[in-house]
Amino acid sequence: MIHPAGQPFLVFADEEENITDFPDLHAAGMSAGSFVLPAKEDFIPLPEGSELFVLPGRLPVGCDQANGEPLLLEENPFNPNDSIRAVAAFMSPAHTAVLNSAYQTTKDAPRLPLFAYTAVGWYDGRFWTTAFRSDEDTRQDASQFNQNTINKKTVKKLQQHKNNRLIQHLGKCCLTYGCPAARNYFLGRWEAPLPTSPTCNARCVGCISLQASGKCSATQDRIQFVPTPAELSEVAIPHLQQAEKAIVSFGQGCEGEPLLQCDTLEKAIIIIRKNTDLGTINLNTNASIPSSVKRLADAGLDSLRVSLNSAQEKYHNNYYRPQGFGLSDVCESIKTMKDAGKFVSLNYFILPGVTDSENEFKALSTLLTQCKPDRIQLRNLNMDPEWYLRSLDFKGSSKPLGMKKWLTLLKNDFPELQFGYYNPEVR
Ligand code: SF4
């Protein structure tokens, strides 16, 4: 991976949201509220398909070139009467943040929407961001998608399956939200989505399908019906039989918790496996109900992806606001799936400063030792970092390890553990 020859410079946005660099200050990063001068090796070229966000009500913070100290930029250095805002990178999939965007939030600033905000700078004619590629799989790379082909194939399949409500729902996910999994379904390749549940037994602060407070909008609407086993298998069977590297996944961003639809999932998996033993049947879940995980594993479920913001009970509770379950049930679900000889991934929400805090590292190491999942998917937390830290009532006990050192230590301590970003094929 290439890194900049010199330290990237701060970028900011002017009143018209034009993004400019300011060579008097180096780009800074943030780690759970603390400003950091990133190392040059922390920067990679901004990946194709990434977006730059202008952050309302946030003033950019850079680093003094001489001593690396953080400095606030309160006005446009090229036009003092002009107000300015901080800028962040929303990286394309398969990239994990090392540091968040550095800014100071002004009074009455609006909450940031449900995206990840990674540090970004400018050097030698391009944007650089503090991240690393966490999966070489290209299934959601921007270069893999041609909109005309997607439109043609989606419209054709929607006409062929007018009576399948699930396929019609996925049509909206594909054409309206641009969901990469729905796109790959209509393109007949890789991982396809099987959303099923309008309800959930958690109230995650950063839920992307339901934001009851209204202070922040959900990124997609929740499915409003439970597909039948026939509708599910009409999507899954041909996909598993025909697609390259085929995976079908229950548990998508456009639904609640699929374990609440255990009867439907069990019947669907049995029908699917009666018709094909090809490909991987996966379940993305909050892993709240071990007994349902057992039933699905017995029915033929191949892999489980467990979403997890923290391995510390307090922070897990404060984020998931669970209804009738806790971290111990989540661990029990992982052990249940492992006892059935199946594959388990953690969908681990990454926030620099929290993830690589010493207490979180210890708690995660204990969970890995006791539950033995096979893989960690290094997913950036898609949420306003300050809102998240407040919601967790986060207390950083000591200086964070640094994301790259955190990953190295984990790899040393757990040499069998896989690291990535996506669900792997396991059959
Ligand atoms: S478990 Fe998923 S669907 Fe349920 S509240 Fe959390 S993010 Fe939303």
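A few comments on the model shown:
- Across the stretch 131-140, computed HN-Hα scalar couplings (Karplus, 6.51 cos²θ - 1.76 cosθ + 1.60, θ = phi - 60°) run 6, 9, 6, 9, 7, 7, 5, 9, 4, 10 Hz from first to last residue, x flagging Gly and Pro.
- Residue list for the stretch 366-407, given a label point 7 angstrom along the Cα-to-Cβ vector of A39 and an amide N cut-off under 14 Å: 401-407
- Difference of contour (0.36 nm per residue) and Cα-Cα distance, R133 to E48: 29.4 nm
- Label-point gap, in nm, between D24 and A340 - each point 7 angstrom along Cα→Cβ: 6.2
- Placing unit charges on each Cβ (+1 for Lys and Arg, -1 for Asp and Glu) gives the chain a dipole about its Cα centre, and among N286, F78, Y422 the Cα reaching farthest toward its positive end belongs to N286.
- FRET efficiency, 1/(1 + (r/R0)^6) with R0 30 Å, evaluated for K152 and K267 via beta carbons: 0.35
- Angle between the chain longest axis and helix 403-413 axis [Cα atoms, degrees, rounded to 10]: 50
- Expected-Rg normalisation [2.2 N^0.38 Å, Cα atoms] applied to the stretch 9-133: 0.96
- Accessible surface of the chain, 1.4 Å probe, proportion on carbon and sulfur as whole %: 49
- Acute angle (nearest 10 degrees) that the helix 229-242 long axis makes with the longest principal axis of the chain, alpha-carbon atoms: 80
- Average accessible area per residue (Å²) across the stretch 1-146 - probe 1.4 Å, nucleic acids and ligands excluded: 43
- Remark: C-alpha extents of the stretch 142-420 on the principal axes read 58, 41, 38 Å, sorted largest to smallest.
- In this simple spin-label approximation, E74 and D14 carry label points 7 Å from Cα along the Cα→Cβ vector, and these lie 2.1 nm apart.
- Computed from the Cβ-Cβ distance with R0 of 56 Å, the FRET efficiency linking L210 to K399 stands at 0.95.
- Cα shape, the stretch 308-412, gyration tensor, a/c 1.5 rule: oblate
- Residue pairs, from the table K152/K245; K267/K338; K362/K404; K172/K338; K40/K395, whose Cα atoms sit over 26 Å apart: K172/K338; K40/K395
- Counting heavy atoms of the protein chains alone, L175 has an accessible area of about 80 Å² for a 1.4 Å probe.
- Euclidean distance between Cα centres, the stretch 18-91 to the stretch 189-206, Å: 34
- Calculated FRET value between N359 and D64, using beta carbons and R₀ = 45 Å, to 0.05: 0.90
- Cα centroid of the stretch 293-311 to Cα centroid of the stretch 132-147, whole Å: 25
- Simple point charges give the picture: +1 on the Cβ of Lys and Arg, -1 on the Cβ of Asp and Glu, and for the stretch 236-379 a dipole about the Cα centre of about 160 debye.
- Helix 290-299 and the longest principal axis of the Cα set of the chain meet at an angle near 50°.
- In the context of the full set of protein chains, residues of the stretch 221-332 present 35 Å² of accessible surface per residue (probe radius 1.4 Å, heavy atoms only).
- Inter-site label distance for Q224 and A142 at 7 Å from Cα along Cβ, in nm: 3.4
- Hypothetical label at L409: residues of the stretch 333-354 whose amide nitrogen lies under 16 Å (7 Å Cα-Cβ projection): 351-354
- Applying a DSSP loop filter and a limit of 11 other Cβ atoms within 10 Å to the trypsin sites (Lys or Arg not before Pro) in the stretch 72-118 leaves K107.
- Taking the Cα centre of the stretch 9-133 as reference, the dipole from Cβ charges on Lys and Arg (+1) and Asp and Glu (-1) amounts to some 520 debye.
- Among beta bridges from DSSP that stay inside the chain, the antiparallel ones total about 60%.
- Using heavy atoms of the protein chains and a probe of 1.4 Å, the accessible area assigned to V36 is about 50 Å².
- Helical runs (DSSP H, four residues minimum) scored at -39500 (n - 2.57) apiece and divided by the length of the chain put the mean residue ellipticity at 222 nm at -9000 deg cm²/dmol.
- With every protein chain in place and a 1.4 angstrom probe, the accessible-area ranking of E386, E15, largest first, reads E15, E386.
- Candidate lysines for bridging to K335, where Cα separation is under 16 Å - those fewer than 8 sequence places away on the same chain excluded: K294, K372
- If only the Cβ of Lys and Arg carry +1 and only the Cβ of Asp and Glu carry -1, the dipole of the chain around its Cα centre is close to 1680 debye.
The values are calculated or read from the model by the stated rules, or taken from the named source; none is laboratory data. Because the structure is a prediction, the values reported are computed rather than measured. Backbone-built Cβ (ideal geometry, glycine too); neighbour counts: all protein chains shown. Note: accessible area is taken over every heavy atom of the protein model, side chains too, but ligands, DNA and RNA are not part of it. Shrake-Rupley method; radii C 1.70, N 1.55, O 1.52, S 1.80 Å.
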